[in-house]
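These notes concern the structure reproduced below.
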Amino acid sequence: MPPLNKVLEHFQPSAIQEVFSLAGQLKAEGRDIIDLSVGEPDFCTPMHIKQAGIEAIQSDVTKYTSCEGTEALKQAISAKLKRDNDLNYGVDNIVVDCGVKPLLFHTLLALLDSGDEVILPTPCWTSYPGMLHLLRAKPVFVRCPQENGFKLSPADLEAAITENTRLVMLNSPSNPTGAAYNAAEMKGLTDVLLRYPNVWVLADDIYEHIVFDGFIHANPVQVEPRLYDRTIVLNGVSKAYSMTGWRIGYAAGPDRLIRALVKVLSQATGCASAMGQAAAIAALNGPQEFLQDWVRIYQERRDYLVSRLNGVSGLTCHAPEGAFYLYPSCRGIIGKKLASGQVLESSIDFAKYLLRACGVAVIPGSAFEFDPHIRISYASSMEALEQACDRIETACNDLE
Ligand SMILES: Cc1ncc(COP(=O)(O)O)c(C=O)c1O
């Protein structure tokens, strides 16, 4: 048999996969599963955005576009960055790809050589270390515990930087914790980064619009314009506009990096879907008011869940600034016993127990490089969340 890429031999089966397979198996057996593992909004794409996609198809906008994205979409992105983030990026400093996920991979490909160190504050989105492994780069995990609001401190950032550091990845608000940096906290980090001119900065702002209690999102270049030449801003329409299936993400950055990224895109992507791009223009240029209604709904759910989960013995839950995830600690559950005598030894054991015992699917913290926690998504109806909390509470009370 011919060999495969050797990197894949080191990939462990992901903790998420184990829980997904068990959830699938239980669903197939007819069990009623409340799925709190999903990473996409439960709202429909708004009608005016869908209409723009339909009109694009009907008027034959169905062919390749320019590899960097259509001029009209890049103009809409440029205007959005000015309007929402006070960032000045012209169309030549913007590229479009088939979602932030592939764009992130393509950006890392443009930035990194094998062996380069990349600082990842953890808990972090599972794809960050996954992509770095695929590219033979080296993730350097910096722990950001719940007591610090799951945020990176300037001192911890500085301590992690070495002469091999090529990139620092920031994701605010974060998947999986919802933690977000305000302008002063971001300035603390950018003050450190200013002192290291050989380090790139990547800001994954995909959850920027989902923030609570009047929180104002802060981007590194916005708070420290001197980082413009070595920062790449990633964003997309998936989460804010509930457009996960349309597959449109974009990046804004300095000339040198954008030119390198276009080289990668021209070989690896071709272009993002033409009708998806047309719909994204409607999302960015169209009415934004509905976002406030969605955010209010998310916030009600967050508040409800945080208070219920903090009432469950064995769990402690921090109230984050944004996104639609909670990342409660389950340290108080570890070591407890089921009636069968089985001891719960990890967040994976706990997630599997919740699935089997009460039909609630969550993701174990090992998937996000920070344990013992579970990730709960509240992109689900309030009724589902109420039921899930009742079930989790009973299941935890049943442990000895
Ligand atoms: C932090 C983060 N970045 C990027 C993405 C990917 O978004 P897209 O749908 O644009 O690929 C996700 C999706 O879960 C995410 O959580």
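Values quoted throughout were computed directly from the atomic coordinates according to the rules given, and no laboratory measurement underlies them. Quick caveat: nothing in here was measured; it's all calculated off a predicted structure. As a convention, Cβ positions derive from the backbone with ideal geometry for all residues, glycine included, and neighbour counts pool all protein chains shown.
Once the convex hull of the alpha carbons of region 203-256 is built, what does its volume come to per residue, in cubic angstrom?
70
Which value, in Å³ per residue, describes the convex hull spanned by the Cα atoms of region 273-355?
137
Of the candidates 345, 224, 383, which one comes out as most mobile in a Gaussian network treatment of the chain with C-alpha springs shorter than 10 Å?
Ranking 345, 224, 383 by mean-square fluctuation puts 383 first.
If I build a Gaussian network model for the chain, linking alpha-carbon pairs within less than 10 angstrom, which residue out of 72, 183, 279 has the largest mean-square fluctuation?
Per the Cα network of the chain with a 10 Å cutoff, 72 tops the list.
With Cβ to Cβ distances under 15 Å as the rule, what net charge do the other residues near residue 10 carry (K, R +1; D, E -1)?
Taking every other residue near residue 10 into account, the sum is +2.
Report, as a whole number in µm² per second, the diffusion coefficient that Stokes-Einstein gives for region 46-202 at 37 °C and 0.692 mPa s using the Kirkwood radius over alpha carbon pairs.
Rounded to a whole number, D works out at 184 µm²/s.
At q = 0.06, 0.12, 0.13 Å⁻¹, work out log10 I(q)/I(0) for the chain with the Debye formula, treating every Cα as an identical point scatterer and leaving solvent out; two decimals please.
With one equal scatterer per Cα and no solvent, log10 I(q)/I(0) is -0.24, -0.99, -1.15.
Counting other beta carbons within 10 Å of each residue's own, what order do 358, 124 fall into, fewest first?
Lowest count first: 358, 124.
Quick check for me: using +1 on Lys/Arg Cβ and -1 on Asp/Glu Cβ, what's the dipole size of region 216-320 about its Cα centre, in debye to the nearest 20?
320
Could you list 353, 304 so that the one with the fewest beta carbons within 10 Å of its beta carbon is first and the one with the most is last?
If I rank by nearby Cβ atoms, fewest first, I get 304, 353.
Please report, ordered by residue number, every helix of the chain (full DSSP H runs) that is 15 Å or longer along its axis going by C-alpha atoms and whose mean Kyte-Doolittle hydropathy reaches 1.0.
Passing helices, by number: 100-111, 274-285.
Mean separation of Cα pairs under 8 Å and 6+ residues apart, divided by the residue count of the chain: what relative contact order is that in percent?
The normalised contact order for the chain reaches 24 percent.
So, in Å, what gap is there between the alpha-carbon centers of region 297-338 and region 6-24?
Going from one Cα centre to the other spans 25 Å.
Once a ≥ b ≥ c are taken as the square roots of the eigenvalues of the Cα gyration tensor of region 1-127, is the result rounded (a/c under 1.5), prolate (a/b larger than b/c) or oblate (a/b not larger than b/c)?
Taking the square roots of the gyration eigenvalues as a ≥ b ≥ c, region 1-127 is oblate.
Take the chain, connect every pair of alpha-carbon atoms lying under 10 Å apart with a spring to form a Gaussian network, then pick out the residue of 93, 182, 164 with the largest mean-square fluctuation.
Greatest mean-square fluctuation among the candidates belongs to 164.
For region 86-124 and region 180-254, what is the separation of their C-alpha centers, rounded to whole Å?
If you average the Cα positions of each part, the centres end up 11 Å apart.
Among residues other than residue 134 whose Cβ falls under 13 Å from its Cβ, what is the net charge (Lys/Arg +1, Asp/Glu -1)?
+3
Classify region 167-295 as rounded, prolate or oblate, taking a ≥ b ≥ c as the square roots of the eigenvalues of its Cα gyration tensor: rounded when a/c is under 1.5, otherwise prolate if a/b is larger than b/c and oblate if not.
Oblate, since a/c reaches 1.5 and b/c is not below a/b.
Please say if region 251-400 is rounded, prolate or oblate, where rounded means a/c under 1.5 for a ≥ b ≥ c the square roots of the C-alpha gyration tensor eigenvalues, and otherwise the choice is prolate for a/b larger than b/c and oblate otherwise?
Since a/c reaches 1.5 and a/b is larger than b/c, the shape of region 251-400 is classed as prolate.
Can you put 263, 187 in order, fewest other beta carbons within 10 Å first?
Fewest-to-most Cβ neighbours within 10 Å comes out as 263, 187.
Quick check: net charge around residue 99, other residues with Cβ under 13 Å of its Cβ, Lys/Arg +1 and Asp/Glu -1?
0
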